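Working notes, beginning with the structure itself.
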Amino acid sequence: MNLSEVSLSPERVLNEISEIAQFHRIQGSKELVESVKSIKEKLDAIGVENKLLGNSYDGKTWHGTLASPIAWNPLYGELSYGERRLTTAESPLLIMAHSPGGEAKGEVLPILRDEDWEKAEGKVVLVGMNWRDAYRKANEAGAKAFIAYREGTGEHYPYIGLFLTKDDLEWAEIPAVAVPESVAKVMISKSLKGSLVVNLSVEVETPKREDLPMLYATIGEAPYLVFSAHICHPKPGANDNASGSAMLIELARTLSRAYNDSFRFGFAFLWVPEYHGTQAFFENARPGEYYTDINLDMVAGSPDRSGSTLMLVRTPLSRFSVVPGLLENFLLRFNIKGKSFSGSELPAMALKAYPYEMGSDHDVFNFFGIPGTMVITWPDRFYHSSGDTVEKLSLETIVIIGNAVLHTAIYLAKNEKGKLMNFARGYTMKVLGELAMNLETEESERLVMRGLARDSEFIGFELGHSFDYSPWFEWKVKGVINERLIRARGGDTEEFKKLTEDRKTYAQLHELLMLGELLPKERAFKALGEEYGRVNKGKLEVLIEILNEIGVITLL
């Protein structure tokens with residue numbers, strides 16, 4: 001098969017994005033279910049084998065380490081002051097996800113410092129950060145209602161979810177809305193100059209349960225190269241993540257036409273609510289069937305309107321694979337626009353490959369031993385806001401990412417073992433060379449060789465080697481580590497929050513959990529230091545002890 005003959009249709013992807021963006025896809029809502037069913041209908045129409053997998057949102061089930069939010073559907077919301085009136089007809093994001101229903105009339109109290117909470121009783125509080133903790137404080141302080149905003153959203157409504165559980169409903173009573181930053185600034189100004197009274201109303205329905213939809217499709221037979229994308233997020237959510245979900249449809253369509261029995265891999269596709277769906281999927285999945293995961297999240301951002309760059313997140317060293325290298329190689333091939341003064345090809349978008357970072361469903365694949373990589377357009381000026389609309393997206397970005405992913409899949413499935421082995425050697429030297437320019441690579445080399453040995457098992461060449469395991473601990477409760485999990489198991493939630501405020505420390509904790517399954521303590525920390533450079537060993541040791549005390553891990 002000639003790779004130059006295979007391509008996807010960016011126009012078709014954009015049309016699919018437009019259709020998905022019509023659904024308000026909040027976790028626990030009926031529109032999330034409807035959006036997944038609409039994708040299933042498309043797969044049925046193009047003849048790709050698929051099935052809906054079941055789980056529940058009921059506010060009490062646990063999806064691995066994540067507590068299910070309540071089933072919840074927004075009906076109507078309204079906020080008014082003076083002659084200004086905001087309603088959900090303008091954006092459903094006016095109602096904070098999972099807010100209780102209710103009505104309130106009261107004076108607005110901007111929370112600008114901690115001591116402002118002392119005056120919250122009987123007021124409508126206005127909060128610009130740490131919304132979930134602040135929402136609980138507002139309930140406990142006797143506030144009438146809660147208004148949230150987020151810096152940087154301008155005229156757009158921010159997406160802020162409460163993710164309330166059944167237990168939370170014992171204290172969560174007041175309605176919660178979210179307003180654009182521009183509206184919040186006016187409210188703050190009027191409040192500080194005198195007094196501002198608002199009226200607000202929130203109508204919702206909270207059924208006992210709702211389906212947690214997971215759509216799983218396959219082409220060919222195991223072992224599979226799996227593609228994942230989260231389907232959830234609010235209307236419109238065009239880049240995040242109607243774009244990834246739409247690109248998966250087009251990849252399934254294109255690969256179903258290209259596939260034949262000579263391919264060494266089949267292809268699997270997974271549309272899920274972010275994290276909750278992936279962790280629920282692994283309750284019954286067979287990890288041995290999957291070679292690697294390519295996660296598509298926010299794959300259509302534009303450099304001019306959204307301010308986006310191309311960001312490739314590599315697999316962690318604990319799950320090393322050559323697949324991110326191939327994906328990077330094809331991203332470079334398709335990311336071309338113009339030439340330099342000497343004729344060299346220039347990139348259409350800024351592109352960089354990063355060591356493992358957390359933030360999407362590739363994380364869960366890695367936790368369960370399947371190397372997961374992600375391509376994403378980041379940053380995005382309209383991230384998690386009503387401004388994330390289709391006209392902000394870029395056909396050029398869709399072409400670059402879509403064709404890079406497609407060609408990576410076919411190259412892995414079809415190309416000669418010798419060519420794949422040569423590429424693997426080259427990528428191995430590149431990764432270790434990058435690390436060696438600044439740090440020692442003793443543990444990194446072992447982990448890379450282990451990853452190459454796994455690649456060899458699936459592809460059929462002979463590179464790398466494994467090593468005898470001497471693990472520090474057993475990771476017994478796998479998944480995204482979070483405050484609710486710590487609280488539910490009797491751990492020190494405040495200490496956990498304080499230690500993980502730094503996102504780098506939080507990501508490094510999860511890589512340390514994967515490394516600790518393979519290496520003794522000091523070697524695990526050495527490997528982590530080689531991968532990331534600077535790590536806070538003291539913080540991470542305390543976090544590991546917290547997880548040991550609550551039974552998430554068991555020290556060996």
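Is the stretch 473-555 rounded, prolate or oblate when judged by the Cα gyration tensor, a ≥ b ≥ c being the square roots of its eigenvalues, rounded requiring a/c under 1.5 and prolate requiring a/b larger than b/c? Taking the square roots of the gyration eigenvalues as a ≥ b ≥ c, the stretch 473-555 is oblate. Positive-end ranking of ASN536, PHE473, ASN422 along the dipole of the stretch 406-549, with charges on Cβ about the Cα centre, is headed by ASN422. Entry note: the stretch 324-392 has Rg to Rh equal to 1.06, where both radii use alpha-carbon atoms and Rh is the Kirkwood radius. Computed from the Cβ-Cβ distance with R0 of 41 Å, the FRET efficiency linking ARG534 to ASP116 stands at 0.65.
To the nearest 10, the accessible area of ASP58 is 20 Å² with a 1.4 Å probe.
Taking the C-alpha atoms only, the angle from helix 181-193 to the longest principal axis of the chain is near 30 degrees. Rounded, prolate or oblate for the stretch 261-374? Axes are the square roots of the Cα gyration tensor eigenvalues, ordered a ≥ b ≥ c, and the cut-off for rounded is a/c under 1.5. Prolate is the answer for the stretch 261-374, as a/c is 1.5 or above and a/b outweighs b/c. Here the Karplus relation 6.51 cos²θ - 1.76 cosθ + 1.60, evaluated at θ = phi - 60°, turns the backbone of the stretch 481-489 into coupling constants of 7, 8, 4, 4, 4, 4, 5, 5, 9 Hz, with x for every Gly and Pro. Take every DSSP beta bridge whose two residues both sit in the stretch 83-203; close to 40 percent of them are antiparallel. Note on TRP171: accessible area is roughly 50 Å² with a 1.4 Å probe, heavy atoms of protein only. Entry note, the chain: the mean residue ellipticity at 222 nm calculated from DSSP H runs of n ≥ 4, each adding -39500 (n - 2.57), is -11500 deg cm²/dmol after division by the residues and rounding to the nearest 500. Shape index of the chain: Rg/Rh, with Rg the Cα radius of gyration and Rh the Kirkwood radius from the inverse mean 1/r over Cα pairs, equals 0.98. When a/c reaches 1.5 or more, the comparison of a/b and b/c decides; with that in mind, is the stretch 1-125 rounded, prolate or oblate per its Cα gyration tensor? It is prolate, given that a/c is not under 1.5 and a/b is the larger ratio. With a cut-off of 14 Å between beta carbons, the residues surrounding ARG12 carry a summed charge of -1, where Lys and Arg count +1 and Asp and Glu -1. Binning the C-alpha pair distances of the stretch 131-188 at 10 Å intervals from 0 yields a P(r) profile of 23, 48, 24, 4 %, listed from the shortest bin outward. Take the Cα of LYS476, go 7 Å toward its beta carbon, and the backbone nitrogen atoms of the stretch 515-556 under 16 Å from that spot belong to 517, 544-556. Tell me, what HN-Hα J-couplings in whole Hz come from the Karplus equation 6.51 cos²θ - 1.76 cosθ + 1.60 at θ = phi - 60° for each residue of the stretch 458-468, using x for Gly and Pro? Once rounded to whole Hz, the list reads 7, 8, x, 8, 10, 9, x, 6, 8, 9, 5. Surface calculation, 1.4 Å probe, protein heavy atoms: SER262 sits at approximately 70 Å² accessible.
As a calculated quantity, the FRET efficiency between GLU173 and GLU522 at R0 = 41 Å, using C-beta atoms, amounts to about 0.25. Highest mean packing comes first when the peptides 230-236, 280-286 are listed by Cβ atoms within 10 Å, giving 230-236, 280-286. Take the Cβ atoms of ASP468 and ARG333, set R0 to 51 Å, and the FRET efficiency comes out at 0.80. Computed 3J(HN,Hα) for the stretch 280-293, one whole-Hz value per residue from the Karplus formula 6.51 cos²θ - 1.76 cosθ + 1.60 where θ = phi - 60°, is 5, 4, 6, 5, 10, 6, 10, x, x, 7, 10, 7, 8, 10, glycine and proline marked x.
How large is Rg over Rh for the stretch 310-439, taking Rg from the Cα atoms and Rh as the Kirkwood inverse mean of 1/r across Cα pairs? Radius of gyration relative to Kirkwood radius: 0.99.
Basic side chains Lys and Arg get +1 at the Cβ, acidic Asp and Glu get -1 at the Cβ, and with that the dipole of the chain about its Cα centre reaches some 560 debye.
The values are calculated or read from the model by the stated rules, or taken from the named source; none is laboratory data. Remember, predicted model here, so these are calculated numbers, not experimental data. Neighbour counts are summed over all protein chains in view; Cβ atoms, including those assigned to glycine, are modelled from backbone coordinates with ideal geometry. Ligands, DNA and RNA are stripped out before the accessible areas are found, and what is left, the full protein with its side chains, is counted by its heavy atoms. Shrake-Rupley method; radii C 1.70, N 1.55, O 1.52, S 1.80 Å.
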